[in-house]
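S.K.: Input: one structure, supplied below.
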Amino acid sequence: MPLLDPEDSRLAVENGAAGIIVSNHGARQLDYVPATISALEEVVQAARGQIPVFLDGGVRRGTDVFKTLALGAAGVFIGRPVVFSLSAAGEAGVSNVLKMLRDEFELTMALSGCSSLADITRNHVVTADEKLGVMPSRL
């Protein structure tokens, strides 16, 4: 079930959803929706660990995967980099982009002192709002 709002996350859990995908549908339909990474943490908290939460949208680098996991996602969906690499170089392009993402992710883990996925925690990221001392806003 794709969503952005924490209340929708609570409803998804209550109504038996198997998982949640935090998605703004590429922000193609509504140009004012928040970035998926901005909504992720509140949606994860609202799910209370009862179902997995995934992120779809905006993942372009291995550091994006790391940040997403640190904010509580169970995993990510990678669309545009795969589609673009497929159109540019076919199967080899997809293999290359996935290898690049994995290599960047593993380097980010190493530089952050994480030897396993379990080592990645919220303490590894600072949001833009936290840097500015701004309280997060709701949708």
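Read-outs throughout are calculated quantities, based only on the coordinates presented, and are distinct from any laboratory measurement. Keep in mind that what you see is a predicted model, and the values were worked out from it rather than measured. Here the Cβ is made from the backbone with ideal geometry for all residues, glycine too, and neighbour counts use every protein chain on show.
S.K.: Neighbour counts of other C-beta atoms within 10 Å: give me Val97, Val53, Val126 arranged from fewest to most.
M.R.: In increasing order of surrounding Cβ atoms, one gets Val126, Val97, Val53.
S.K.: Take every DSSP beta bridge with both residues inside the chain and express the antiparallel ones as a percent of the total, to the nearest 5.
M.R.: Looking only at bridges with both residues in the chain, the antiparallel portion is about 0 percent.
S.K.: For Val76, what residues show an amide H to amide H distance below 5 Å, using hydrogens built from the backbone and excluding near sequence neighbours?
M.R.: Under 5 Å from the amide H of Val76 lie the amide H atoms of Leu55, each far enough along the sequence or on another chain.
S.K.: Taking other Cβ within 10 Å of each residue's Cβ, how do Thr63, Thr108, Thr68, Thr127 sort, fewest first? Mind dumping the intermediate values first?
M.R.: Working: Thr63 17, Thr108 20, Thr68 24, Thr127 14.
Going from sparsest to densest Cβ surroundings: Thr127, Thr63, Thr108, Thr68.
S.K.: Spin-label point model (7 Å from Cα, Cβ direction): what's the Phe84 to Glu106 distance in nm?
M.R.: So the label points at Phe84 and Glu106 sit 2.3 nm apart.
S.K.: Right, next: With a 10 Å Cβ neighbour count serving as the proxy for reagent exposure, in which order, fewest first, do Phe84, Phe105 appear?
M.R.: Ascending number of Cβ neighbours within 10 Å: Phe84, Phe105.
S.K.: Quick one: net charge of Ala12's neighbours, Cβ under 12 Å, K/R +1, D/E -1? Can you show the working numbers first?
M.R.: Details: positive: Arg10, Arg48; negative: Asp5, Glu7, Asp8, Glu14.
Here the charged neighbours net out to -2.
S.K.: Further, regarding this structure: Expressed as a rounded percentage, what relative contact order does the chain have, with Cα pairs under 8 Å and six or more residues apart?
M.R.: Values: 194 pairs, mean separation 27.9, N = 139.
After rounding, I find 20 percent.
S.K.: Further, regarding this structure: Kindly rank 6-17, 39-50 from highest to lowest mean number of other beta carbons found within 10 Å of each residue.
M.R.: 39-50, 6-17
S.K.: Using a Debye calculation, one point per C-alpha and no hydration shell, please list log10 I(q)/I(0) for the range 18-89 at q = 0.18, 0.25 Å⁻¹ in order.
M.R.: With no solvent term, the Cα-only Debye profile gives -0.69, -1.13.
S.K.: Work the Kirkwood hydrodynamic radius out for the chain: mean of 1/r over every pair of different alpha-carbon atoms, inverted, in Å.
M.R.: Final number for the Kirkwood radius of the chain is 15.9 Å.
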